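Q: Right, I'll just put the structure down here and ask away after.
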Amino acid sequence: MTIWLRRTGIVIALAGAIHLATVWAIPWLIVGVFAQRIAGSTGINTVYTPPLPSPRDHLVVAPSPDLLYAICLLDTAAGTVRITAGPAAGYWSLALYDRNADNIFRTGAAADAKVELLLGRAASAGTLAARFPAATYIQAPHETAILLGRFLVADRARPEAAIAARATVRCEKTE
Amino acid sequence: MIRRPLTDAAMLALALLLGLGATWLTVIRSDPGTPSGAWRLLAGAGSTEAGLYTKARVALFGLFALERSEAIYFTALQDTAGHRLRARCAYEISGIAPAARWWSITAYGADQFLIANPSERYSYNMGNLDIAADGRFSLVAGGPARPGTWLPAGDGDGAFNLMLRVYQPGAAIAADPARMPMPAIRPLGACA
């Protein structure tokens, strides 16, 4: 009797640990697959510019058909990455995501504003502030992060303005 | 001599079954979000403060969601009466336009991807819907093709869902998204 009680306790504890580990791992695994796809298409710290989402597009679940996306797979292991975008007309925004899909930074950009971001791991904000005085410094929780630029396409037949706005996005190493 | 390894293997297998089954039930099978009319609010989407389960559900059903000061996401898997949305049925979606910089309603298949259709119509938004002076709007989703503001939901009898995105919501909605007046989703014709 005692041995079966002990075994039942072990199974329940193990099942609980497996359950929590898999729930925790889901975002990491999904973002990992996404990051591999981006790395395989345009590489790291480079802007990937997919076409307007369509039923053939399975890069991410539930894409917005009204948005043109700009995507950068950012690697801060070798130094701080600089991101710039805008100004652009219409609704657009930049958002930074951690390796587990946490939205660590977002800006609902004003139509006439240029956005300049520095994403780094080390405390290099002081030295970079002199080089990029207008930039907002963001501490990256992990070496890998993902930038998602969203540019509104009010009419899918006429995406030209959003394409031009998206072309302003740059991701580049600072050192 | 081989009883002990067999027992250990059986215990491990049972633990895996229970652990993964619990994940399937709590993350994949459970309805995402908090109920708000026919819709469910993906509360905590994009937030670094969100719990394990919210983060897992958002990764599965709305990867790279924005934090709620920038965007709020509502999904509808059922109509206002609580019945699963089916592609063969037509639904009237009517309500009051949310106070926001931009909003849209998109149809997705059960696989969470856009639904192929000849007119390449995947969503309606505040820019292409007729919105009355009092803020009211309506459209039809699903069922056979029809003229006017019709959002295709695919052929056959497959399930589909709707997502209402509200970008840069007004202060009242951002403060308490659950209090936003949600559009009703009513079945039409034979499905009513």
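Bear in mind these aren't lab numbers, they're just calculated from the coordinates by the rules spelled out. Quick caveat: nothing in here was measured; it's all calculated off a predicted structure. Reconstructed Cβ throughout: ideal geometry from the backbone, glycine too, with neighbour counts over all protein chains shown.
Q: Can you tell me the 0 to 90 degree angle between the C-alpha axis of helix B:3-23 and the longest principal axis of chain B, rounded to 10?
A: Computed tilt is about 10 degrees.
Q: What's the angle, to the nearest 10 degrees (0 to 90), between helix A:2-41's Cα axis and the longest principal axis of chain A?
A: Approximately 20 degrees, to the nearest 10.
Q: Over all residues in B:42-55, what is the mean tally of Cβ atoms on other chains that come within 10 Å of each residue's Cβ?
A: Mean shielding by partner chains, rounded to a whole number: 3.
Q: Which of A:Leu119, A:Leu68, A:Leu20 ends up with the largest GNM mean-square fluctuation for chain A, with Cα atoms connected below 10 Å?
A: It is A:Leu20.
Q: In peptide B:103-116, how many Cβ atoms from other protein chains are near each Cβ within 10 Å, on average?
A: Mean shielding count: 4.
Q: Let me have the 222 nm mean residue ellipticity of chain B computed from DSSP H runs of 4+ only, each contributing -39500 (n - 2.57), with the sum over all residues rounded to the nearest 500.
A: Mean residue ellipticity, 222 nm, calculated: -6000 deg cm²/dmol.
Q: For chain B, with a Gaussian network of springs between Cα atoms less than 10 Å apart, report the residue from B:Leu17, B:Leu52, B:Leu114 with the top mean-square fluctuation.
A: Between B:Leu17, B:Leu52, B:Leu114, it is B:Leu17 that shows the largest mean-square fluctuation.
Q: Okay, moving on. Rounded, prolate or oblate for the protein assembly as shown? Axes are the square roots of the Cα gyration tensor eigenvalues, ordered a ≥ b ≥ c, and the cut-off for rounded is a/c under 1.5.
A: Cα axes put the protein assembly as shown in the oblate bin.
Q: OK, next. Mind listing which trypsin sites (Lys or Arg not before Pro) in region B:1-91 are in a DSSP loop and have 16 or fewer other Cβ atoms within 10 Å?
A: Here the trypsin sites (Lys or Arg not before Pro) that fit, given the DSSP loop and packing criteria, are B:Arg29, B:Arg88.
Q: What shape does region B:64-134 take by its C-alpha gyration tensor, where a ≥ b ≥ c are the square roots of the eigenvalues and a/c under 1.5 counts as rounded, a/b above b/c as prolate, and the rest as oblate?
A: Since a/c stays below 1.5, the shape of region B:64-134 is classed as rounded.
Q: Just to be sure I understand: with springs between alpha-carbon atoms less than 10 Å apart, which residue in B:Ala141, B:Ala15, B:Ala132 has the highest mean-square fluctuation in the Gaussian network model of chain B?
A: Its mean-square fluctuation being the largest, the pick is B:Ala15.
Q: So between A:Thr49 and A:Ile3, what do we pick up on full extension, going 0.36 nm a residue minus the alpha carbon distance?
A: 10.6 nm
Q: Helix B:52-61: angle to the longest alpha-carbon principal axis of chain B, degrees 0 to 90, nearest 10?
A: 60
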